[in-house]
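Novice: Handing you a structure now.
Values quoted throughout were computed directly from the atomic coordinates according to the rules given, and no laboratory measurement underlies them. It should be emphasised that the depicted structure is a prediction, and the values quoted were computed from it without experimental measurement. Virtual Cβ from ideal backbone geometry, glycine too; neighbours counted across all protein chains shown.
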Amino acid sequence: MPKSLVSLLIVLLSVLFATAQTKSSSAPSDLPPGSTSLIDPEDLLSELQSQQGEKPLVFNVGPSILYMQAHIPGSEYVGATSDKQGLERLRTRVKTLPRNQPIVVYCGCCPWSHCPNVRPAYNELQRMGFTNLRVLYLADNFGVDWVDKGYPTTKGQ
């Protein structure tokens, strides 16, 4: 499937998910652009492609349909952390990791200001004591801020 079609599907699905979600206190309001807890797409891509340094674990905390359409190569799907099951999968996955493990979480289902998933994931990992934690800043959505830029993606599981 051409990247432009994948991008269009992601945008359409993003709009549907954004419309279906209620704006909640889980929006990343205290993770403003420029925060040291955020990483921009181009910076994450550089880290993932670098031959030096420890690569972060990258967790997708958004809707499964979007993950299946396109996701960051090597990222792990834990599920939408706006619900209890997604948060529990995240807790279970990271339970045995060292607390200084580099971790990046991302969703990209909708515009940053409306994302119902990144804030709960970030809060939970902070509560669990993770100290090397960042959130991928996707201003619009994964399609616009990653796929349309030609950054690498993987489909399916």
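Novice: Go through the stretch 92-107 and give me each residue that's without any contact (Cβ under 8 Å) to a residue 24 or more places away in the chain and either hydrophobic (A, V, I, L, M, F, W, C) or in a helix (DSSP H, G or I) (or both).
Specialist: Selection gives 92 alone.
Novice: Given the criteria without any contact (Cβ under 8 Å) to a residue 24 or more places away in the chain, exposed (fewer than 14 other Cβ atoms within 10 Å of the Cβ) and not acidic (Asp, Glu), does residue 127 qualify?
Specialist: In short, yes.
Novice: Moving to a separate point now. In the stretch 130-143, which residues are surrounded by fewer than 18 Cβ atoms within 10 Å (Cβ to Cβ) and over 12 Å from the mean Cα position of the chain (by Cα)?
Specialist: As a first pass, look at the stretch 130-143 and keep what is surrounded by fewer than 18 Cβ atoms within 10 Å (Cβ to Cβ): 131-132, 139-140.
Once the filter is applied, which keeps residues that are surrounded by fewer than 18 Cβ atoms within 10 Å (Cβ to Cβ) and over 12 Å from the mean Cα position of the chain (by Cα), the stretch 130-143 yields 131, 132, 140.
Novice: Tell me which residues, restricted to the stretch 37-92, are of a type in the set (Val, Ile, Thr) and farther than 19 Å from residue 126 by Cα. Quick ask: steps written out before the conclusion?
Specialist: Going residue by residue through the stretch 37-92, those that are of a type in the set (Val, Ile, Thr) are 39, 58, 61, 65, 72, 78, 81, 92.
Of everything in the stretch 37-92, those that are of a type in the set (Val, Ile, Thr) and farther than 19 Å from residue 126 by Cα turn out to be 65, 72.
Novice: For the stretch 56-91, name all the residues that are among the hydrophobic types (A, V, I, L, M, F, W, C) and assigned to a loop (DSSP other than H, G, I, E, B).
Specialist: The initial filter retains those residues of the stretch 56-91 that are among the hydrophobic types (A, V, I, L, M, F, W, C), namely 57-59, 61, 65-66, 68, 70, 72, 78, 80, 87, 90.
Within the stretch 56-91, 61, 70, 72, 78, 80 qualify.
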